[in-house]
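The structure under discussion appears below in the form of structure tokens.
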Amino acid sequence: RVPVAQFAHDFNRLGGPEQKSYRTDGQSFADYLAYGQPVHAAAAGTVIAMADSENEDVNAMRRTGEPLEAYFQRLQADQMMRISKGVLGVAGNYVMIDHGNGEHSLYAHLKPKSVRVRVGQKVSLGQQIGVSGNTGYSSGPHLHFCLQVNSGMKLVSIPFRMMGPAGFLNLPGK
């Protein structure tokens, strides 16, 4: 695993009797249950970086009738191009919040023109900061979230726990 994303989580929405992440055939962004869902700050802090102008790429999604192996080969080829573009190619539209003590949270793959905060702005716990989308290196609409700390000259992800209305959420281990 890459240290910057070792403890990252991808949050999706599932529904229907089959617990799928999309309605109909999953060929458009709007088919996905996570698409356009509000994204809220996990903790108070100050916005230190953000992007809001990356476009969503329908080519990153699996095509109707495309064999899974062919889809993964196409994604792998696309990955190198996205990595070469740096943070925007990988995270797409994103918000990074400094929570103090060297901790930062990253919210990635946000919908174009949905980011509601700007660099230098103070945010509070639970404040809406954007809307989930499908920008950057993403195979379908979801929220990519991680908590990071500075380690030397690089960011490293760290484990975290999230609280829901009924207490701590049971996140899959990394």
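Using a cut-off of 27 Å between Cα atoms, the listed pairs LYS85/LYS111; LYS20/LYS111; LYS20/LYS122 include LYS20/LYS122 as exceeding that distance. In this simple spin-label approximation, GLU103 and ALA49 carry label points 7 Å from Cα along the Cα→Cβ vector, and these lie 1.9 nm apart.
In the chain, the DSSP-assigned H stretches of four residues or longer account for a calculated mean residue ellipticity at 222 nm of -4000 deg cm²/dmol, using -39500 (n - 2.57) per stretch and the full residue count as denominator.
Computing FRET efficiency as 1/(1 + (r/R0)^6) for LYS154 and ASN59, where r is the C-beta to C-beta distance and R0 is 35 Å, gives about 0.70. Share of the chain's accessible area from carbon and sulfur, percent, 1.4 Å? On the chain, the fraction of accessible area on carbon and sulfur atoms equals 55 percent.
Among the listed options (1) 8.1; (2) 10.9; (3) 14.1, the one matching mean projected area of the Cα convex hull in nm² as calculated from these coordinates is (2). So which aspartates and glutamates can LYS154 reach, going by Cα to Cα under 17 Å and dropping same-chain residues fewer than 8 places off? Qualifying aspartates and glutamates at Cα under 17 Å: ASP98, GLU103. With the highest mean first, a sort of the peptides 112-122, 131-141, 151-161, 33-43 on other beta-carbon atoms found within 10 angstrom per residue produces 131-141, 33-43, 112-122, 151-161. Relative to one another, the C-alpha centroids of the range 1-46 and the range 89-107 are positioned 17 Å apart. Placing +1 on the Cβ of every Lys and Arg and -1 on the Cβ of every Asp and Glu, with nothing else charged, gives the chain a dipole about its Cα centre of roughly 260 debye.
The values are calculated or read from the model by the stated rules, or taken from the named source; none is laboratory data. Everything quoted here is computed from the prediction, not taken from an experiment. Here Cβ is always computed from backbone atoms with ideal geometry, including for glycine, and neighbour counts include all displayed protein chains. When the accessible area is computed, the model is the full protein with side chains, heavy atoms only, and any ligands, DNA or RNA have been set aside. Shrake-Rupley method; radii C 1.70, N 1.55, O 1.52, S 1.80 Å.
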